[in-house]
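Peer 1: Dumping the structure here so I can ask a few things about it.
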Amino acid sequence: MAGIFLALTLEKDLNDRLIHIKKELKSGQLEDANISWIRNDHHHLTVYFVGEMEPEQISQMHEDIGKINLTGISRSIDITAISFFPNEDSQVLSALVKPNSHLQGLHEELKNIVVNIGLGSDLKAYRPHITLGRFKEKHRPQYEFQMFDESLKGKVNKLDVLESRFSDGKTEYNLLKSFEL
C-alpha cells in the first residue's frame, strides 16, 4: 500500500520563482536552519491527500478522474506568502496559495471520487499550499515571514496522482498518472 495524493504541477516559470525564493531564504533568514528542503523538481500544489490505497482503488480513482472535465478548471494560482503550514507551530515551510472557487471545486470533486471508492473523507477545510521544506528539529526557532506586497501569479498545467514514501529522512515522490488541464 502507498500514501497517495493528488496535486497540481506548477508551470516552469512559477516553479523557477519558488526556487529563487528558496535560494534567498537559504542564504538569508534561514541560513542556519536545519531544514530538509523539497527537491526543486518536486514542488506541487496539493489538492487532496488520500492516504493509503490498494492498487485496485488507485485504478478506480484513475478511471473516475478521467471522467471529470478538467479543461474547465482555471490554471491560474496566486501565492500570497511564505509561512508555516498548517499553523505557526508547524515544522512545514510552505508557499501559501490564495484559495479560489476553481481549487475548492476541484478539491470537492476529488473528495467525492475518493469517498465513492470507499475511503473516508477529510473533514478539514482545504487550505492550498506548496511545501518548500520541513524543519528537522521539533523545537525549531521562531521565524516571522511577511505577506507578499503583490501575490506571485502563476499557472498549473496537470493534475498528478502521486505516491509518497518517506525514507532516510526524505520524502520521495513517484508519479503514477497525469491528467492534462
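Peer 1: Going through Ser164, Ser94 one at a time, which residue ends up being small (Gly, Ala, Ser), modelled with pLDDT of 95 or more and within 30 Å of Asp32 (Cβ to Cβ)?
Peer 2: Numbers: Ser164 fails: modelled with pLDDT of 95 or more.
Matching residue, one of Ser164, Ser94: Ser94.
Peer 1: Those residues that are modelled with pLDDT of 95 or more, outside any strand (DSSP E or B) and either surrounded by 15 or more Cβ atoms within 10 Å (Cβ to Cβ) or in contact with a strand residue (DSSP E or B) (Cβ under 6 Å, 6 or more places away or on another chain) (or both), I need them from the stretch 31-49; list them, please.
Peer 2: Selection gives His43 alone.
To keep it simple, each residue is scored yes or no on (1) over 14 Å from the mean Cα position of the chain (by Cα); (2) more than 20 Å from Glu144 (Cβ to Cβ); (3) not aromatic (Phe, Trp, Tyr).
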| site | (1), (2), (3) |
| --- | --- |
| Thr9 | no, yes, yes |
| Arg39 | no, yes, yes |
| Phe49 | no, yes, no |
| Glu63 | yes, yes, yes |
| Arg75 | yes, yes, yes |
| Glu109 | yes, yes, yes |
| Val114 | yes, yes, yes |
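Peer 1: Moving on to the next point. Suppose the filter is assigned to a strand (DSSP E or B) and either in contact (Cβ under 8 Å) with a residue 24 or more places away in the chain or not hydrophobic (A, V, I, L, M, F, W, C) (or both); does Leu106 pass it? Walk me through it before giving the result.
Peer 2: Details: assigned to a strand (DSSP E or B): no; either in contact (Cβ under 8 Å) with a residue 24 or more places away in the chain or not hydrophobic (A, V, I, L, M, F, W, C) (or both): yes.
In short, no.
Peer 1: Can you pull out the residues in the stretch 135-157 that are surrounded by fewer than 18 Cβ atoms within 10 Å (Cβ to Cβ) and under 30 Å from His62 (Cβ atoms)?
Peer 2: Answer for the stretch 135-157, where residues must be surrounded by fewer than 18 Cβ atoms within 10 Å (Cβ to Cβ) and under 30 Å from His62 (Cβ atoms): Lys155, Asn157.
Peer 1: Within the stretch 71-88, track down each residue that is assigned to a loop (DSSP other than H, G, I, E, B) and either among the β-branched types (Val, Ile, Thr) or within 30 Å of Arg140 (Cα to Cα) (or both). Reasoning before the result, please.
Peer 2: First, pick out the residues of the stretch 71-88 that are assigned to a loop (DSSP other than H, G, I, E, B): 71-75, 86-88.
Scanning the stretch 71-88 gives Thr71, Ile73, Pro86, Asn87, Glu88.
Peer 1: I've got another one for you. For Glu24, state whether it is among the acidic types (Asp, Glu), closer than 23 Å to Asn174 by Cα, assigned to a helix (DSSP H, G or I) and free of Cβ contacts under 8 Å to residues at least 12 places away in the same chain.
Peer 2: Against the criterion (among the acidic types (Asp, Glu), closer than 23 Å to Asn174 by Cα, assigned to a helix (DSSP H, G or I) and free of Cβ contacts under 8 Å to residues at least 12 places away in the same chain), Glu24 does not qualify.
Peer 1: Does Arg134 satisfy the condition of being touching a Leu at 6+ places or on another chain (Cβ under 9 Å) and in contact (Cβ under 8 Å) with a residue 24 or more places away in the chain? Walk me through it before giving the result.
Peer 2: Details: touching a Leu at 6+ places or on another chain (Cβ under 9 Å): yes; in contact (Cβ under 8 Å) with a residue 24 or more places away in the chain: yes.
It is true that Arg134 is touching a Leu at 6+ places or on another chain (Cβ under 9 Å) and in contact (Cβ under 8 Å) with a residue 24 or more places away in the chain.
Peer 1: Here's something else I'd like to know. Before we move on, is Leu25 surrounded by 16 or more Cβ atoms within 10 Å (Cβ to Cβ), within 20 Å of Lys98 (Cα to Cα) and of a type outside the set (Phe, Trp, Tyr)?
Peer 2: On the way: surrounded by 16 or more Cβ atoms within 10 Å (Cβ to Cβ): yes; within 20 Å of Lys98 (Cα to Cα): no; of a type outside the set (Phe, Trp, Tyr): yes.
Taking the combined requirement at face value, the residue does not satisfy it.
Peer 1: Return a yes/no flag: does the stretch 116-129 have any residue that is part of a strand (DSSP E or B) and either over 20 Å from Lys153 (Cβ atoms) or at pLDDT 95 or above (or both).
Peer 2: Restricting attention to the stretch 116-129, the residues satisfying the condition of being part of a strand (DSSP E or B) are 129.
Checking which are either over 20 Å from Lys153 (Cβ atoms) or at pLDDT 95 or above (or both) leaves us with 129.
Yes, the conditions are met somewhere in the stretch 116-129.
The values are calculated or read from the model by the stated rules, or taken from the named source; none is laboratory data. On a predicted model such as this, the values are computed, not experimentally measured, just so you know. Every residue, glycine as well, gets a Cβ built from its backbone with ideal geometry; the counts of neighbours run over all protein chains shown.
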